[in-house]
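Peer 1: Next up is a structure, given as structure tokens.
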Amino acid sequence: MRLAAFWLTKRGDFRHQRPKLVVLSSVPNGLGLTGLRATFARLAAERLGSPPEAAAPKAAAPAGSAPAAVSVAEGCIERRVPVSFVRQRVMKRLKETQNTVAQLSTFQEVDMTAALKLRAKYKDMFLKLHGSQLGLLSLIAKATCLAIAEVPGVNAIIDDGTKETVSRDYVDISIPIPSPRGIIACTLKDAQSMTIRDLEHEIAALSDRAARDELSVADLSTSTFGIVDTGIAGSMLGTGIINYPQSASMGTNSVKRRPTVVDGKIEARPIMYTALNYDHRLIDGREAVTFLCSVRDKLEDPSRMLLDL
């Protein structure tokens, strides 16, 4: 047997009460922490006049413990794990978006032959001169900014509170950045004024901070347009969900060699499928298709980005 004690107060504001020390003199040695909690809960219920269930909430499972397994049938086990705080926030944001926007998607295929040749030709020189890798993401981001200049509606938003359309003369693009926590959407501020070199430097800086888990609030700030890449996981074609209050986001997928008709002949070309997910309340189908075709044309012929075509 052992002694155990705890402080107990009456119902109400405990800061203005004189607590009473309750001593238990008959607690078995084998009684663990859970048993002590149950005993204390029972005495608290007797003291405060409330049922034990209300006085003693169920003890949380120790951190890192395996989820409780429940047999629902012979050979069938179910395990329940609490939803994390971050996942709860994601779930809430997704439902808010789904309940607010009239989301629609349009698709386009892009022949990446010219973009890949450009990268292969200049990547070593680019690295030597500018100190950063030449990747496809900077080309996609640049093509996106130029296409937004042609179709500014995809960069606008609806202010549901004032029932107004808000147009912007700047482009803050969220891009996927790998980190130890997974893919994180980081923001390129004023991307419309950046060159491909500037974009690569900023992407490299974001990747470095993400790898060291040192991203700032500014790095994760609200964007006006989003680029979502599921190609890193091998996706062929898919739709995303708008990060409200954005009005549109573009999804990119994996680049695969696929049969394509070129000058009347079938050739194997590196093809990437793209998708524009947009709020149909603000953006019409014609605008969405025009925007995505503009991105396609610039990636299929990168020289267009030098000539503003």
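The values are calculated or read from the model by the stated rules, or taken from the named source; none is laboratory data. These numbers were taken from a predicted model, which means no experiment stands behind them. Positions of Cβ are backbone-derived with ideal geometry, glycine not excepted, and every protein chain shown enters the neighbour counts. For accessibility, only protein heavy atoms count, side chains too; no ligands or nucleic acids. Shrake-Rupley method; radii C 1.70, N 1.55, O 1.52, S 1.80 Å.
Peer 1: What number of residues in segment 150-194 are farther than 16 Å from L276 by Cα, small (G, A, S) and at pLDDT 90 or above?
Peer 2: Qualifying residue count, segment 150-194: 3.
Peer 1: Also, I was wondering about something else. Counting only residues that are open to solvent by 70 Å² or more (accessible area, probe 1.4 Å), in contact (Cβ under 8 Å) with a residue 60 or more places away in the chain and either under 20 Å from L299 (Cβ atoms) or not polar (S, T, N, Q) (or both), how many does segment 147-193 have?
Peer 2: Matching residues across segment 147-193 total 1.
Peer 1: While we're looking at this one, here's another question. Residue check, Q103 against (1) in contact (Cβ under 8 Å) with a residue 12 or more places away in the chain; (2) more than 25 Å from V228 (Cα to Cα); (3) not charged (D, E, K, R), all met but one. Which one?
Peer 2: (2)
Peer 1: Of the residues L220, L282, L215, which is closer than 27 Å to S179 by Cα, open to solvent by 10 Å² or more (accessible area, probe 1.4 Å) and touching a helix residue (DSSP H, G or I) at 6+ places or on another chain (Cβ under 7 Å)?
Peer 2: Working: L220 fails: touching a helix residue (DSSP H, G or I) at 6+ places or on another chain (Cβ under 7 Å); L282 fails: closer than 27 Å to S179 by Cα.
Within the list L220, L282, L215, the selection yields L215.
Peer 1: Out of segment 106-146, which residues are open to solvent by 80 Å² or more (accessible area, probe 1.4 Å), in contact (Cβ under 8 Å) with a residue 24 or more places away in the chain and among the aromatic types (F, W, Y)?
Peer 2: Correct list: F107 only.
Peer 1: When you look at K95, is it under 30 Å from A143 (Cβ atoms), open to solvent by 80 Å² or more (accessible area, probe 1.4 Å) and not hydroxyl-bearing (S, T, Y), yes or no?
Peer 2: Numbers: under 30 Å from A143 (Cβ atoms): no; open to solvent by 80 Å² or more (accessible area, probe 1.4 Å): yes; not hydroxyl-bearing (S, T, Y): yes.
In short, no.
Peer 1: Here is a list of conditions, (1) open to solvent by 50 Å² or more (accessible area, probe 1.4 Å); (2) of a type outside the set (A, V, I, L, M, F, W, C); (3) more than 21 Å from the chain's Cα centre (by Cα), and E200 meets all of them except one; can you say which number that is?
Peer 2: Unmet for E200, out of (1) open to solvent by 50 Å² or more (accessible area, probe 1.4 Å); (2) of a type outside the set (A, V, I, L, M, F, W, C); (3) more than 21 Å from the chain's Cα centre (by Cα): (1).
Peer 1: Let me ask another. Being open to solvent by 100 Å² or more (accessible area, probe 1.4 Å), modelled with pLDDT under 90, closer than 23 Å to R181 by Cα and out of contact with any strand residue (DSSP E or B) (no Cβ under 9 Å at 6 or more places or on another chain): is that true of R87 here? Step through it out loud before you land on a result.
Peer 2: Numbers: open to solvent by 100 Å² or more (accessible area, probe 1.4 Å): yes; modelled with pLDDT under 90: yes; closer than 23 Å to R181 by Cα: yes; out of contact with any strand residue (DSSP E or B) (no Cβ under 9 Å at 6 or more places or on another chain): yes.
For R87, the condition - open to solvent by 100 Å² or more (accessible area, probe 1.4 Å), modelled with pLDDT under 90, closer than 23 Å to R181 by Cα and out of contact with any strand residue (DSSP E or B) (no Cβ under 9 Å at 6 or more places or on another chain) - is met.
Peer 1: While we're on this one: Which members of segment 258-309 meet the condition of being closer than 26 Å to V166 by Cα and among the aromatic types (F, W, Y)?
Peer 2: Y278, F291
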